[in-house]
1. Restricting attention to region 36-46, and to residues there that are assigned to a strand (DSSP E or B) and more than 16 Å from ligand 2 (Cβ to nearest atom), which single residue is surrounded by the most Cβ atoms within 10 Å (Cβ to Cβ)?
2. Can you tell me which of GLY36, GLY66, GLY44 is in contact with a Pro (Cβ under 7 Å, 6 or more places away or on another chain) and away from ligand 1 (no atom under 11 Å from the Cβ)?
3. How many of the residues in region 227-242 are touching a residue at least 40 places away in the same chain (Cβ under 8 Å) and surrounded by fewer than 17 Cβ atoms within 10 Å (Cβ to Cβ)?
4. Take the conditions of a type outside the set (Gly, Ala, Ser), modelled with pLDDT under 95 and under 18 Å from the mean Cα position of the chain (by Cα) and apply them to VAL238. Does it pass?
5. Given the criteria charged (D, E, K, R) and surrounded by 15 or more Cβ atoms within 10 Å (Cβ to Cβ), does ARG186 qualify?
6. Taking ILE205, is it within 25 Å of LEU49 (Cα to Cα) and free of Cβ contacts under 8 Å to residues at least 40 places away in the same chain?
7. Is it the case, given these coordinates, that ASP207 is under 30 Å from LEU116 (Cβ atoms), at pLDDT 90 or above and surrounded by fewer than 21 Cβ atoms within 10 Å (Cβ to Cβ)?
8. Could you tell me whether any residue of region 254-263 is within 16 Å of ligand 2 (Cβ to nearest atom), in contact (Cβ under 8 Å) with a residue 24 or more places away in the chain and out of contact with any Leu (no Cβ under 7 Å at 6 or more places or on another chain)?
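The values are calculated or read from the model by the stated rules, or taken from the named source; none is laboratory data. Since the structure is predicted, the reported quantities are computational estimates derived from the model, not experimental observations. Note: ideal-geometry Cβ built from the backbone for every residue, glycine included; neighbour counts use all protein chains shown.
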Amino acid sequence: MGASPLPDRSVCAGTAGRLEVKRVEKLFGANRAVDGVSFTAEPGRITGLIGPNGAGKTTLFNAIAGDIPIDAGEVLLDGTRIDSFPSYKVFEKGLARTFQIPRPFARMTVLENVMLAPSGQHGERFWNTWLRPGLVARQEKEIFERARAIIEFCGLSPVERQLAGAISGGQQKLVELARVLMADPRIILLDEPGAGVNPALLDTIVDRIVELNRRGLTFLIIEHNMDFVMSLCDAVVVMATGKVIARGTPDSVTAAPQVIEAYLGGAVE
Ligand SMILES: Nc1ncnc2c1ncn2[C@@H]1O[C@H](COP(=O)(O)OP(=O)(O)OP(=O)(O)O)[C@@H](O)[C@H]1O
Ligand SMILES: [Mg+2]
């Protein structure tokens with residue numbers, strides 16, 4: 001592998017990717033799916049977002065990423081309010097997210113999926129294609145090389161020519177990560193990166209997240225696998241029935257009585 005396509009932000013780690021969620025509400029009819037949630041994902045950190053099924057975690061991700069409008073509250077990225085932005089604008093500001101259920105283009109190869117990820121490619125613009133074919137060819141080559149380097153970084157080189165619909169669920173999670181890396185985000189929101197992933201691949205995912213974080217990328221991660229949360233997260237926010245019920249270090253939140261109760265309550269529902 002030649003020069004890394006991923007920025008080494010270690011020099012500026014801790015300065016970008018600060019996500020502030022303030023009193024955010026999202027209602028579905030009478031269901032207060034997100035009910036006055038406030039917390040900060042600190043730049044350069046890996047923050048975990050945990051809680052029982054139906055707690056509102058994915059809804060909160062959708063709201064932060066601009067996929068659904070919020071009913072109240074504010075979301076700030078590096079001090080700029082993004083809560084009225086559509087998802088593409090949130091993405092342009094440097095916040096990228098993956099989905100709980102991977103959404104690859106199943107009949108395209110892994111490489112094509114990663115190459116197609118939005119990355120500010122000029123080739124799509126009509127005038128550029130018509131007037132500046134040399135530029136477009138050069139950019140396509142750059143995109144190809146960048147995609148292949150990111151695929152290698154994610155450990156997907158052995159399957160890069162396979163159809164994305166034919167690889168394992170865990171590999172599809174890595175394809176999602178590779179796709180968001182194409183855009184060079186400042187903060188990545190991962191929705192259950194470890195769900196349904198075999199232990200060997202889970203180690204790869206954890207390892208890649210750690211390496212990206214070392215290079216300065218901020219993460220906010222929804223995850224049910226507590227080993228994953230404990231080994232990876234600097235801070236944890238716990239949600240239940242739309243509200244934040246605890247936050248702190250992984251050790252402190254998992255020992256908190258209200259957290260234990262929320263999980264036990266969920267288990268006997
Ligand atoms: N599009 C929607 N329309 C109506 N209700 C919804 C919608 N999406 C989510 N909900 C409801 O909002 C609540 C929170 O759901 P959400 O999917 O955010 O939970 P979650 O914490 O991500 O759960 P899980 O751990 O199972 O993924 C649930 O009561 C759910 O039924
Ligand atoms: Mg969810």
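1. Among those residues, the one meeting the criterion is ALA41.
2. Working: GLY36 fails: in contact with a Pro (Cβ under 7 Å, 6 or more places away or on another chain); GLY44 fails: in contact with a Pro (Cβ under 7 Å, 6 or more places away or on another chain).
Unique residue meeting the criteria: GLY66.
3. Looking only at region 227-242, we keep the residues that are touching a residue at least 40 places away in the same chain (Cβ under 8 Å), and these are 229, 232-242.
Right, trim to surrounded by fewer than 17 Cβ atoms within 10 Å (Cβ to Cβ) and you get 234.
Number of matching residues: 1.
4. Details: of a type outside the set (Gly, Ala, Ser): yes; modelled with pLDDT under 95: no; under 18 Å from the mean Cα position of the chain (by Cα): yes.
Here the answer is no, as VAL238 does not meet what is asked.
5. For ARG186, the condition - charged (D, E, K, R) and surrounded by 15 or more Cβ atoms within 10 Å (Cβ to Cβ) - is met.
6. Details: within 25 Å of LEU49 (Cα to Cα): yes; free of Cβ contacts under 8 Å to residues at least 40 places away in the same chain: yes.
The answer is yes for ILE205.
7. Details: under 30 Å from LEU116 (Cβ atoms): yes; at pLDDT 90 or above: yes; surrounded by fewer than 21 Cβ atoms within 10 Å (Cβ to Cβ): yes.
Criteria met by ASP207.
8. Step one: list which residues in region 254-263 are within 16 Å of ligand 2 (Cβ to nearest atom), which gives 262-263.
Add one more test, that the residue is in contact (Cβ under 8 Å) with a residue 24 or more places away in the chain, and what stays is 262-263.
So of that shortlist, the ones also out of contact with any Leu (no Cβ under 7 Å at 6 or more places or on another chain) come out as 262-263.
Within region 254-263, one or more residues are within 16 Å of ligand 2 (Cβ to nearest atom), in contact (Cβ under 8 Å) with a residue 24 or more places away in the chain and out of contact with any Leu (no Cβ under 7 Å at 6 or more places or on another chain).
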